[in-house]
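Down below is the structure, laid out as structure tokens.
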Amino acid sequence: MRVVLLGPPGAGKGTQAQIIARKLSAPAISTGDIFRANVSGQTDLGRQAKVYMDAGDLVPDEITVAMVSDRLAEPDAVDGFLLDGFPRTIAQAEQLQTSLSGLGQALDRVLELVVDEEELVRRLSDRRMLVDGEWVQRGDDEPGTVRHRLEVYREQTSPLSGFYGGIGLLSRIDAIGEIDEVTERAMTALGKGGAAEGASSADPTAG
Ligand code: AMP
């Protein structure tokens, strides 16, 4: 299956992406993770992306779209994928439609994880990740940057709901509750309900 996971920062996309991708036997492709790996590896792409990421802004579409096209061309993504954090703008969504149709492929479903903003702010300020054996806060999870990222989401990414709703691909999932309950709702929306086992091995550091 070819699936997009949509939702604001803190909705649990990273966690659900890992679990759902495993159930679908498809790679979870997270643009945030690819950018962070490039920042750590001090690549050219990482240096370009870091400025935007630190500010809580989106990395420009040209850079992001090229990176995702390369990733989708890798052999493990040919039969299916789960995209986490991409697309994030209408332009990216349109580019994705175009490049998939060029490959004779199409998205099967877009899952939007829905969480109210108060809960998002609470989750993001509590979120920590493990780096070199220490739990640290992601730079872009600091309170000022979090507020800005939520604003960016509202303005630039939330219109994707209407975009995918309009072409009949959108399923909105209540993302409040236990991890395995949310997974179950997502699998049901994918027509694969009743298979939420394995959720307990989720990575608690994923977004
Ligand atoms: P995430 O881990 O998905 O929250 O992404 C972390 C940061 O990476 C975002 O705040 C953006 O700066 C950048 N990023 C990730 N995905 C995209 C995307 N599709 N378009 C633009 N920037 C992105």
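The values are calculated or read from the model by the stated rules, or taken from the named source; none is laboratory data. Predicted, not measured: the structure shown is a model, and the values here were computed from it. Note that each Cβ is placed from the backbone with ideal geometry, even for glycine, and that neighbours are counted across all protein chains shown. To get the accessible areas, we keep the full protein, side chains included, count just its heavy atoms, and leave off ligands, DNA and RNA. Shrake-Rupley method; radii C 1.70, N 1.55, O 1.52, S 1.80 Å.
The residue that is nearest to the ligand (Cβ to nearest atom), among those in the range 53-71 that are open to solvent by less than 80 Å² (accessible area, probe 1.4 Å), in a helix (DSSP H, G or I) and out of contact with any helix residue (DSSP H, G or I) (no Cβ under 7 Å at 6 or more places or on another chain), is ALA55. The single residue among GLU134, GLU74 that is more than 19 Å from ILE34 (Cβ to Cβ) and either away from the ligand (no atom under 15 Å from the Cβ) or within 14 Å of the chain's Cα centre (by Cα) (or both) turns out to be GLU134.
For the criterion of being assigned to a strand (DSSP E or B), at pLDDT 95 or above, under 28 Å from GLU184 (Cβ atoms) and not acidic (Asp, Glu), LEU83 passes.
Could you please find all residues in the range 124-150 being open to solvent by 40 Å² or more (accessible area, probe 1.4 Å) and either assigned to a strand (DSSP E or B) or under 17 Å from LEU6 (Cβ atoms) (or both)? Steps first, answer last, please.
Looking only at the range 124-150, we keep the residues that are open to solvent by 40 Å² or more (accessible area, probe 1.4 Å), and these are 125-126, 128-137, 139, 142-144, 147-148.
Residues satisfying the conditions are MET129, LEU130, VAL131, GLU134, TRP135, VAL136.
Within the range 14-47, the set of residues being of a type outside the set (Gly, Ala, Ser), near the ligand (Cβ under 10 Å from one of its atoms) and open to solvent by less than 20 Å² (accessible area, probe 1.4 Å) comprises THR31, PHE35.
In the set (1) under 19 Å from ASP33 (Cα atoms); (2) part of a helix (DSSP H, G or I), LEU120 fails one condition alone, (1). Restricting ALA91, ALA106, ALA73 to residues that are free of Cβ contacts under 8 Å to residues at least 12 places away in the same chain and small (Gly, Ala, Ser) narrows the list to ALA73.
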